[in-house]
Amino acid sequence: MQNNHHKEHLYKILVIGDLGVGKTSIIKRYVHHNFSPNYRATIGVDFALKVLTWDQETVRLQLWDIAELVSLA
């Protein structure tokens, strides 16, 4: 009898940085394999999921795209 223990891992990755530096573009390129030159600012937070198989284990990456918080002080 074979004992296959398929493991799954979930990692949450926050992508933070200044406004307009390309956080969303990097995430979209990595997850969806495409790039759009059209810029649209992220409002609030957005996330994408990338599922990988590594050494017979499933790795789920939640990539959180955090919009810059602007202080009005």
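Confirm whether Glu57 is of a type in the set (D, E, K, R), loosely packed, with under 10 Cβ neighbours inside 10 Å and modelled with pLDDT of 90 or more.
Numbers: of a type in the set (D, E, K, R): yes; loosely packed, with under 10 Cβ neighbours inside 10 Å: no; modelled with pLDDT of 90 or more: yes.
Considered against the rule, which asks whether it is of a type in the set (D, E, K, R), loosely packed, with under 10 Cβ neighbours inside 10 Å and modelled with pLDDT of 90 or more, Glu57 comes out as no.
Inside the range 27-54, can you point out the residues that are of a type in the set (A, V, I, L, M, F, W, C) and either in contact with a strand residue (DSSP E or B) (Cβ under 7 Å, 6 or more places away or on another chain) or open to solvent by less than 50 Å² (accessible area, probe 1.4 Å) (or both)? Before the answer, list the steps.
First, the residues of the range 27-54 that are of a type in the set (A, V, I, L, M, F, W, C): 27, 31, 35, 41, 43, 45, 47-49, 51-52, 54.
Scanning the range 27-54 gives Ile27, Val31, Ala41, Val45, Phe47, Ala48, Leu49, Val51, Leu52.
Go over the candidates Ala41, Ala67, Ala73, Ala48 one by one and state the one that is modelled with pLDDT of 90 or more and of a type in the set (Gly, Ala, Ser).
Numbers: Ala41 fails: modelled with pLDDT of 90 or more; Ala67 fails: modelled with pLDDT of 90 or more; Ala73 fails: modelled with pLDDT of 90 or more.
Step by step, each of Ala41, Ala67, Ala73, Ala48 is checked, and only Ala48 is modelled with pLDDT of 90 or more and of a type in the set (Gly, Ala, Ser).
Cβ-Cβ under 6 Å, sequence separation 6+ or interchain: first residue in the range 33-60 and more than 15 Å from Gly17 (Cα to Cα), partner of a type in the set (Val, Ile, Thr). Which pairs?
These pairs meet every condition: Ala48/Ile27; Ala48/Val31; Lys50/Val31; Leu52/Val59; Arg60/Val51.
Would you mind stating whether Ile13 is open to solvent by less than 80 Å² (accessible area, probe 1.4 Å), within 13 Å of the chain's Cα centre (by Cα) and modelled with pLDDT under 90?
On the way: open to solvent by less than 80 Å² (accessible area, probe 1.4 Å): yes; within 13 Å of the chain's Cα centre (by Cα): yes; modelled with pLDDT under 90: no.
In short, no.
What number goes with the only condition from (1) farther than 16 Å from Ile66 by Cβ; (2) at pLDDT below 95 that Ser25 does not pass?
The number of the failed condition is (1).
The values are calculated or read from the model by the stated rules, or taken from the named source; none is laboratory data. Please read these numbers as outputs of a predicted model, since none were measured by experiment. Cβ atoms come from the backbone with ideal geometry, glycine included; neighbour counts cover every protein chain shown. With ligands, DNA and RNA removed, areas are computed over all heavy atoms of the protein, side chains included. Shrake-Rupley method; radii C 1.70, N 1.55, O 1.52, S 1.80 Å.
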